[in-house]
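Structure first, then comments.
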Amino acid sequence: MSLIYPGRQKQLEKLVEKLGLFNNSAIEWHLLDLALTHSSASAKANYEQLEFVGDAVVRLAASELLFEVYPDCPVGEFAAIRSILVSDRILFKIAESYGFDRYLILASSALSDKTGAESRLADALEAVLAALYLSTHTLELIRPWLDPHFQRLATEIRSDPARQNYKAALQELTQGKYKVLPKYSVKETGTVQGGEDRFTAEVRLQEEWLASGKGRSIKAAEQAAAQAAFNKLNGNGNR
């Protein structure tokens, strides 16, 4: 199947080179093109179906890596680590590191939606994984470049007692030590949609201020505040 847009082949070849897949004749280029076409650009020919397949592919890739690298790890810990590895937040960061936004075709209306950037790129990465998987029906075009990201992150997660979910970790810590739950308040402090300081969250314990944090979303700001509070309490052992 030929590509729709002039010069699209060369554009996609640049992305493939970034992934370290040089001159790979096994790649189904029309699938890769589809994987990087947002529904705002085409209601019919877009990445949504590939994203559905990619959701399973990324879980398989993460599962294989964890099984190989940590053969003695309990299944419950496998599941906890994998849930973080395949989260939108992590997939967005991986896609962003390769500049996926430069290759994603979308309408100007979607481009102006900065708050949706994280989910768009995470979805696009899943779709790309599906396109590469369906090209060979194996993970041979995926694991060589995805494994280093997942292995580094898995190492960080295993050494992090909060498992990168600081709101849950802080709640568990405060319940155990003080028998109370932390309370959050959030304000919109930035004017740029999608800006890193768009929202500022404060976390308190029994009306006493613990920490604050900023983020591009309310959820991100609360996580940043929870991380600062968790580190403060866990490091000092007291308030």
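The values are calculated or read from the model by the stated rules, or taken from the named source; none is laboratory data. These numbers come from a predicted model, not from an experiment. Cβ atoms come from the backbone with ideal geometry, glycine included; neighbour counts cover every protein chain shown.
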The residue that is surrounded by the fewest Cβ atoms within 10 Å (Cβ to Cβ), considering only those in the stretch 22-41 that are assigned to a loop (DSSP other than H, G, I, E, B) and in contact (Cβ under 8 Å) with a residue 24 or more places away in the chain, is A26
- Please work out if Q164 is surrounded by 15 or more Cβ atoms within 10 Å (Cβ to Cβ), outside any helix (DSSP H, G or I), under 17 Å from the mean Cα position of the chain (by Cα) and touching a residue at least 24 places away in the same chain (Cβ under 8 Å). yes
L139 meets each of (1) closer than 27 Å to Y5 by Cα; (2) not in a helix (DSSP H, G or I); (3) not β-branched (V, I, T) with one exception, condition (1)
Scanning the stretch 42-64 residue by residue, the ones that are part of a helix (DSSP H, G or I), among the small types (G, A, S) and surrounded by 15 or more Cβ atoms within 10 Å (Cβ to Cβ) total 4
Per the filter on the stretch 66-86, residues modelled with pLDDT under 90 and either in a loop (DSSP other than H, G, I, E, B) or exposed (fewer than 13 other Cβ atoms within 10 Å of the Cβ) (or both) are C73, P74, V75, G76, A79
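Residue under question is L170, and the condition is that it be in contact with a Pro (Cβ under 7 Å, 6 or more places away or on another chain) and either surrounded by 14 or more Cβ atoms within 10 Å (Cβ to Cβ) or aliphatic (A, V, I, L, M) (or both); does it hold?
Numbers: in contact with a Pro (Cβ under 7 Å, 6 or more places away or on another chain): yes; either surrounded by 14 or more Cβ atoms within 10 Å (Cβ to Cβ) or aliphatic (A, V, I, L, M) (or both): yes.
Judged against the criteria, L170 is a match.
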Residue count, the stretch 191-225, condition among the basic types (K, R) and assigned to a strand (DSSP E or B), comes to 2
Scanning the stretch 171-190 residue by residue, those assigned to a loop (DSSP other than H, G, I, E, B) and of a type in the set (D, E, K, R) turn out to be K179
Looking across the stretch 203-232 at residues that are under 17 Å from A117 (Cβ atoms) and in contact with a Gly (Cβ under 6 Å, 6 or more places away or on another chain), the single one that is surrounded by the most Cβ atoms within 10 Å (Cβ to Cβ) is A221
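Every residue in the stretch 90-100 that is in a helix (DSSP H, G or I) and surrounded by 15 or more Cβ atoms within 10 Å (Cβ to Cβ), please.
I90, L91, F92, K93, I94, A95, E96, F100
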Output for Cβ contacts, cut-off 7 Å, separation at least six or different chains, first residue assigned by TED's automatic domain parsing to the domain that holds A41 in the stretch 85-104, second among the aromatic types (F, W, Y), reads L85/F150
